[in-house]
Amino acid sequence: MGLSENGRRVEALDVKSLSGKEAVIRAPVIVLCGGGIENARMLLVSSDVAAKGIGNDHDCVGRYLADHPRTVIARFGKETLQDVAEHFGFYGLSHNRRTHFYLRGLALSPRLQAREGLLNCATYPVQILAPNDPWLALKRFYSGNRRFRLDDLRTALAAPGGLAAGLHRRLIMKRGLPRQLTELRFDAMAEQRPNRDSRVTLSSLRDQLGIPLARVDWKIGWAETASVARLAELISAEFWRVGLPQPKLEPWILDEDFRNAPFSDMAHPACTTRMGDDPATSVVDRNAKVHDVEGLYVAGSSVFPTAGHANPTLMIIAMTLRLADHLKTRLLS
């Protein structure tokens, strides 16, 4: 991106294709929409005028990287999973002659969170299908390898009553299909506390256009791990209270081995160009404009001040529509 000589206005965007074609785009407003990692990367590599990167006078670009730490917290084996699956299976809601299916989950109440100092987190069931699940076999029959189509057809037809009951359950009762499972597990996602040391920086490696790649150093703190472990303990106690089978909690929870908790990300990177009123702790202002740089805005999850614990898509859409309204008012007034 090209800045004015004083670095206070974006004037152009340099673009280049993999085939070598180049162009300079000039516009009164430029909006970065590259995602939670690429938005920060694009600001950091634009260092011709601003040596630290655009919007990075206070070393905030790329910092506070958050995702949704995800892990398994509990499992049910073959002996107990059906009772739990019945309570937490898919259910349908009809709207405009269409049925939309949803999955139940569990979350902590705000009062309990405040009392115990826990972060937002939630857990939801994940079905591990058996190889002889008739619906899985039917799906493979229509889309899978021809070598196994006869076996899949036999598997599906071996339970004709099951298929009929499943269709009745799905189409009439608006419930999830009855599945053959080997295991039912509960996965959990948590929000993250803002952490300056969790960040995106530039790598010494370069992409096909010669631009430095992003280096990701995502950090998960004790508070996130402890909140998820406490959620597991609470749902185990609640299942016992209401008469449901108790789950088998993961070893790291039972042993309080928080350092070795096997978390993974959900591919929901956020907060690397976070929104705020103070340039010392944020990159964009409340209108998503980069602090002290006229004409440059950022859209997407990178502007989230915190990531919460839920999937980010709806909030990304809401924030983007809000930005569009702001730009429409500004440019047309």
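The values are calculated or read from the model by the stated rules, or taken from the named source; none is laboratory data. Source: prediction; values computed, not measured. In this analysis, Cβ positions are derived from the backbone assuming ideal geometry, glycine residues included, and neighbour counts consider all displayed protein chains. All accessible areas refer to the heavy atoms of the entire protein, side chains included, with ligands and DNA or RNA removed. Shrake-Rupley method; radii C 1.70, N 1.55, O 1.52, S 1.80 Å.
Would you mind checking which residues have amide H under 5 Å from Ser203's amide H? H placed 1.01 Å from N; only 5 or more apart, or other chain.
Placed amide hydrogens put Leu213, Ala214, Arg215 under 5 Å from Ser203.
Of all accessible surface on the chain at a 1.4 Å probe, what whole percent is carbon and sulfur?
Its accessible area is 54 percent carbon and sulfur atoms.
How much mean residue ellipticity at 222 nm does the chain get from its helices, if each DSSP H run of length 4 or more adds -39500 (n - 2.57) and you divide by all residues, to the nearest 500 deg cm²/dmol?
Mean residue ellipticity, 222 nm, calculated: -9500 deg cm²/dmol.
Restricting to DSSP loop positions (anything but H, G, I, E, B) with no more than 15 other Cβ atoms inside 10 Å of their own Cβ, which trypsin sites (Lys or Arg not before Pro) remain in the stretch 1-88?
Arg8, Lys21, Arg26, Lys52, Lys78
Would you mind finding the longest exposed-site-free stretch of the chain, with exposed GluC sites (Glu not before Pro) meaning DSSP loop and at most 12 other Cβ atoms within 10 Å?
Formally, the longest exposed-site-free interval is 80-255.
Can you give me the C-alpha center-to-center distance between the stretch 215-270 and the stretch 76-113, rounded to a whole angstrom?
First find each Cα centre; the distance between them is then 19 Å.
Under the rule of at least 5 residues apart or a separate chain, name every residue whose amide H is placed under 5 Å from the amide H of Ala12.
For Ala12, the qualifying residues are Gly2.
Counting only residues 5 or more places away or on other chains, whose amide H sits under 5 Å from the amide H of Ala307 once H atoms are built in the peptide plane?
HN-HN under 5 Å from Ala307: Gln192.
Could you provide, to the nearest whole Å², the per residue accessible area of the chain with probe 1.4 Å?
Computed with neighbouring chains in place, this is 57 Å² per residue.
If R0 is 30 Å, what FRET efficiency do you get for Asn132 and Ser264 from their C-beta distance, rounded to 0.05?
The pair Asn132/Ser264 has a calculated efficiency of 0.55.
Once R0 is set to 51 Å, what does the formula 1/(1 + (r/R0)^6) return for the Cβ-Cβ distance between His58 and Ala237, expressed as a FRET efficiency to the nearest 0.05?
Once the sixth-power term is evaluated, E becomes 0.65.
Modelled label-to-label distance, His95 and Ser333, 7 Å Cα→beta-carbon offset: nm?
Using points 7 Å along Cα→Cβ, the separation is 3.3 nm.
Tell me the net charge near Ala188. Cut-off is 13 Å between Cβ atoms, Ala188 excluded, with +1 for each Lys or Arg and -1 for each Asp or Glu.
Charge balance near Ala188 sits at -1.
Can you tell me the FRET efficiency between Glu183 and Ser203 if r is taken as the Cβ-Cβ distance and R0 is 35 Å, rounded to the nearest 0.05?
Between Glu183 and Ser203 the formula returns 0.35.
Could you list the trypsin sites (Lys or Arg not before Pro) in the stretch 202-246 that lie in coil according to DSSP, counting only those with at most 13 other Cβ atoms within 10 Å of their Cβ?
Here the trypsin sites (Lys or Arg not before Pro) that fit, given the DSSP loop and packing criteria, are Lys219.
For Cα extents along the principal axes in Å, pick the label among [x] 56, 42, 38; [y] 74, 51, 44; [z] 75, 47, 34 that corresponds to the value derived from the coordinates.
For Cα extents along the principal axes in Å, the calculated option is [y].
Please tell me which of these pairs span more than 21 angstrom C-alpha to C-alpha: Lys16/Lys289; Lys52/Lys289; Lys21/Lys328?
Lys16/Lys289; Lys21/Lys328, as the Cα separations exceed 21 Å there.
Please calculate the 1.4 Å probe accessible area of Thr225, with all protein chains present, and give it to the nearest 10 Å².
Approximately 10 Å² of Thr225 is accessible to the 1.4 Å probe.
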